[in-house]
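Q: Shown below is the structure under consideration.
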Amino acid sequence: MGAYNSTLMYSLPKIAAMGWGKIRRAFLIAFRKKRVVEKLDRRRGACSRCGACCKIMFKCPAYDDADGNPKCLIYNDRPGVCSLFPLDEKDLRERDIVMPGTKCGFYFDDGPRPENQPERESMPLRWGPPKRDPADKTPRLATGTFAILWSFISKPKLNGNGNGNGNGNGHAGNGNGQGNGH
């Protein structure tokens, strides 16, 4: 059941829930970072790299699974809404609309964290693309949310040439910056 379903396959309430979720996540990450940290402190597990989060409401143009291996073509420049997903149970419900037959590797728990589990998954919080080094003179067309918007116009290449920065080896996954996650 891992196939992508177009928005034409969803009811109006489900489309509205997914749209509101996108707005909610963008607002929280932009303006309520402390609240986001509180939410993520309840998050457990790890990304299963299914790519469902890249297909909420529409398939992200920077998402590619043509070879059967899900990957983000703007992995190094992806916005915070991508690298911090899911923020809470609401996000998991929206994700389950897209891929109800595939379980997400993340879950949320209010109980105390087990002793052998780190403070948060093995990844640092990543609020968006890294700041540009002023000494770096290579052109960089778009980063973060702008990279996704730009990818609607010009599909990123696997080698990262579509967005000017990013090596294209990232995958839909855990956000650890090592090219093996979300």
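The values are calculated or read from the model by the stated rules, or taken from the named source; none is laboratory data. Since this is a predicted model, take the numbers as computed values, not measurements. Backbone-built Cβ (ideal geometry, glycine too); neighbour counts: all protein chains shown.
Q: Among the residues of region 29-54 satisfying the criterion of being assigned to a helix (DSSP H, G or I) and charged (D, E, K, R), which is surrounded by the most Cβ atoms within 10 Å (Cβ to Cβ)?
A: Result: 39.
Residue-wise test of (1) assigned to a loop (DSSP other than H, G, I, E, B); (2) surrounded by fewer than 16 Cβ atoms within 10 Å (Cβ to Cβ); (3) under 12 Å from the mean Cα position of the chain (by Cα).
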{"position": "13", "(1), (2), (3)": "no, yes, no"}
{"position": "17", "(1), (2), (3)": "no, no, no"}
{"position": "27", "(1), (2), (3)": "no, yes, no"}
{"position": "86", "(1), (2), (3)": "yes, no, yes"}
{"position": "97", "(1), (2), (3)": "no, no, no"}
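Q: Right, another one. Among the candidates 76, 69, single out the residue that is of a type in the set (S, T, N, Q) and either over 15 Å from the mean Cα position of the chain (by Cα) or not in a helix (DSSP H, G or I) (or both).
A: Numbers: 76 fails: either over 15 Å from the mean Cα position of the chain (by Cα) or not in a helix (DSSP H, G or I) (or both).
Just one listed residue meets the conditions, 69.
Q: Quick check, is residue 148 under 19 Å from residue 27 (Cβ atoms), under 15 Å from the mean Cα position of the chain (by Cα), of a type in the set (Val, Ile, Thr) and modelled with pLDDT under 80? Explain how you work it out, then say what you get.
A: Values: under 19 Å from residue 27 (Cβ atoms): yes; under 15 Å from the mean Cα position of the chain (by Cα): yes; of a type in the set (Val, Ile, Thr): yes; modelled with pLDDT under 80: yes.
Yes; evaluated as a whole, the condition is true for this residue.
Q: I'm trying to understand the selection: among the residues of region 99-110, which are closer than 22 Å to residue 19 by Cβ and in a loop (DSSP other than H, G, I, E, B)?
A: Residues satisfying the conditions are 99, 100, 102, 104.
Q: Hey, another quick one. Just name the residue that is nearest to residue 11 (Cα to Cα) out of those in region 55-71 that are surrounded by fewer than 22 Cβ atoms within 10 Å (Cβ to Cβ), out of contact with any Lys or Arg (no Cβ under 7 Å at 6 or more places or on another chain) and hydrophobic (A, V, I, L, M, F, W, C).
A: 58
Q: Could you list, in sequence order, all residues of region 27-47 that are closer than 22 Å to residue 74 by Cα and in contact (Cβ under 8 Å) with a residue 60 or more places away in the chain?
A: 29, 46, 47
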